[in-house]
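J.: Next up is a structure, given as structure tokens.
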């Protein structure tokens with residue numbers, strides 16, 4: 001079954017790739033006023049989260065927000081690189 005189209009904050013819609021794993025470049029903005037996922041390029045996103053960047057709180061929220069955005073369980077979203085940086089490489093596992 002194909003994934004449903006995703007609304008990316010505008011009239012544009014996108015489907016998750018049918019590849020098994022998808023890598024995304026993610027720029028995180030902690031302590032934002034609202035949660036938001038914004039596409040800025042092919043496989044590049046800005047994720048705004050409410051949590052502060054301490055004790056992994058922002059990372060947990062990034063995973064939850066991206067999982068919700070791409071209609072995946074949080075267990076299939078992993079931070080590959082950048083756990084202590086605002087620039088992260090995130091992998092979406094088994095997106096078929």
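We did not get these values from a lab; they are worked out from the coordinates using the rules stated. Predicted, not measured: the structure shown is a model, and the values here were computed from it. Ideal geometry is used to build each Cβ from the backbone, glycine not excepted, and the neighbour counts take in all protein chains shown.
J.: Using Stokes-Einstein with the Kirkwood hydrodynamic radius over Cα pairs, what translational diffusion coefficient do you get for the range 25-92 at 20 °C and a viscosity of 1.002 mPa s, in µm²/s rounded to a whole number? Can you show the working numbers first?
T.: Details: Rh = 11.6 Å.
Diffusion coefficient, whole number: 185 µm²/s.
J.: Now, a different point. Mind giving me the nanometre distance, one decimal, between the label points for residue 20 and residue 50, set 7 Å out from Cα along Cα→Cβ?
T.: 3.8 nm
J.: Between residue 93 and residue 36, what FRET efficiency comes out of the Förster formula 1/(1 + (r/R0)^6) with R0 = 35 Å and r the beta carbon distance, rounded to 0.05?
T.: Values: r = 23 Å, r/R0 = 0.67.
Efficiency, from the Cβ-Cβ distance: 0.90.
J.: How many percent of DSSP beta bridges within the range 25-92 run antiparallel, rounded to 5? All intermediate terms of the calculation are to be shown ahead of the outcome.
T.: Working: 12 of 17 bridges.
Given both bridge residues lie in the range 25-92, the antiparallel proportion sits at roughly 70 percent.
J.: If neighbour count is taken as other Cβ atoms inside 10 Å, put 33, 48, 43 in order from fewest to most. Walk me through the numbers on the way to the answer.
T.: Values: 33 8, 48 19, 43 14.
Taking fewest neighbouring Cβ atoms as first place, the list is 33, 43, 48.
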